[in-house]
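S.K.: Quick one: this structure, given as structure tokens, is what I'll be asking you about.
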Amino acid sequence: MIDFYYAPTPNGWKVAVMLEETGLDYQLQPMALHDGDQFAPAFLAISPNAKMPAIVDHYPPAGYGEAALPVFESAAILIYLAEKSGQFAPPESHRRQRKELAEWLFWQTGSQGPMGGQLSHYKNYAPEDERSYGFDRYLGEYERTQAVLENRLRDRPYILGNDYSIADMQAFPWAFIAKPLGSSLDSFPNVADWRERIKNRPAVQRAINLLKDNQNRGENKRTVDNDSETFNQNADRLLAIGKSMRNDQA
Ligand SMILES: N[C@@H](CCC(=O)N[C@@H](CS)C(=O)NCC(=O)O)C(=O)O
């Protein structure tokens, strides 16, 4: 059984898609990010970055030992689940493809994800009168990553070639929400086709519908104006929690 720490956001969907695709047995551990669940010491022991998604596998495969195994960061979780299930990643012996898998997972983690995340902040959550510079900058940066994907998909249906893989699951959610980010798919027809192919998979549909009612949107949307605590983070909170955890141990 795998505990899946989840909230219905693009980063949460990446792992939800993989769990639904593989059929691995999991139990949802819903997280209320705006109530600060991510700062609970028990969760920080699993995910020191104080962000979801994260998992705890209570029955890890041979070689990991018998203790329950925590994994944080979506790409690391996808690699782990691909290894556990033997699905959606090229085998270790396919060295060139494994190298490409690493490249695209790092690309998503270092480029597409952060640019999409900042764009979302300026489009949806920043103070109204301070949105414009940040929005313009991150729209450009986000669409730059869409262009990278567009070129990659010029001559192949999926990021690694003919086979749908965890590289697609990692990148799909941030292309899926292009329109709510204030971007358009019109200049990216290959991305639009790829997005459609993935979106129509039954497992993907199940994943993006998980806890859909808890999405941060609509009338009660949390923004910087009504929730400065989770939106305006700095080092203080995590340092204070770290200190209190050390004191508890002493
Ligand atoms: N690089 C991380 C990003 C995770 C992330 O940013 N998660 C957000 C939700 S989409 C979160 O947990 N935010 C809580 C917070 O910032 O306090 C991953 O891909 O796992």
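S.K.: In segment 1-16, how many residues are more than 13 Å from the ligand (Cβ to nearest atom) and buried (at least 20 other Cβ atoms within 10 Å of the Cβ)?
M.R.: 1
Table: residues versus (1) over 30 Å from residue 244 (Cβ atoms); (2) of a type in the set (Asp, Glu); (3) assigned by TED's automatic domain parsing to the domain that holds residue 165.
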residue	(1), (2), (3)
49	no, no, no
52	no, no, no
60	no, no, no
67	no, no, no
82	yes, no, no
85	yes, no, no
105	yes, no, yes
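S.K.: Also: Name the helices (runs of 4 or more DSSP H) wholly inside segment 154-250 in which the number of residues that are under 29 Å from residue 87 (Cβ atoms) is 3 or more.
M.R.: Working: elements: 166-176, 189-199, 202-208, 228-231, 236-249.
Per the criteria, 166-176, 189-199, 202-208.
S.K.: Another question about this same structure. Can you find a residue that is of a type in the set (Asp, Glu), surrounded by 12 or more Cβ atoms within 10 Å (Cβ to Cβ) and at pLDDT 95 or above anywhere in segment 226-240?
M.R.: Scanning segment 226-240, I find no residue that is of a type in the set (Asp, Glu), surrounded by 12 or more Cβ atoms within 10 Å (Cβ to Cβ) and at pLDDT 95 or above, so the answer is no.
S.K.: Another question, if that's okay. What is the number of the single condition among (1) away from the ligand (no atom under 16 Å from the Cβ); (2) crowded, with 19+ Cβ neighbours inside 10 Å; (3) assigned to a loop (DSSP other than H, G, I, E, B) that residue 92 does not meet?
M.R.: (2)
S.K.: Right, next: What pairs come up if the first residue lies in segment 213-235 and is without any contact (Cβ under 8 Å) to a residue 24 or more places away in the chain, the second is part of a loop (DSSP other than H, G, I, E, B), and their beta carbons are under 8 Å apart, counting only those six or more places apart or on different chains?
M.R.: From segment 213-235, the pairs are 232/224.
S.K.: Further, regarding this structure: Name every residue in segment 123-141 that is within 15 Å of the ligand (Cβ to nearest atom) and either under 15 Å from residue 14 (Cβ atoms) or aromatic (Phe, Trp, Tyr) (or both), in order of residue number. So that I can check it myself, show each step before the final result.
M.R.: Filtering segment 123-141 for residues within 15 Å of the ligand (Cβ to nearest atom) gives 123-126, 138.
Of everything in segment 123-141, those that are within 15 Å of the ligand (Cβ to nearest atom) and either under 15 Å from residue 14 (Cβ atoms) or aromatic (Phe, Trp, Tyr) (or both) turn out to be 125, 138.
The values are calculated or read from the model by the stated rules, or taken from the named source; none is laboratory data. The shown structure was predicted, so the numbers you read here are calculated from the model rather than taken from an experiment. Positions of Cβ are backbone-derived with ideal geometry, glycine not excepted, and every protein chain shown enters the neighbour counts.
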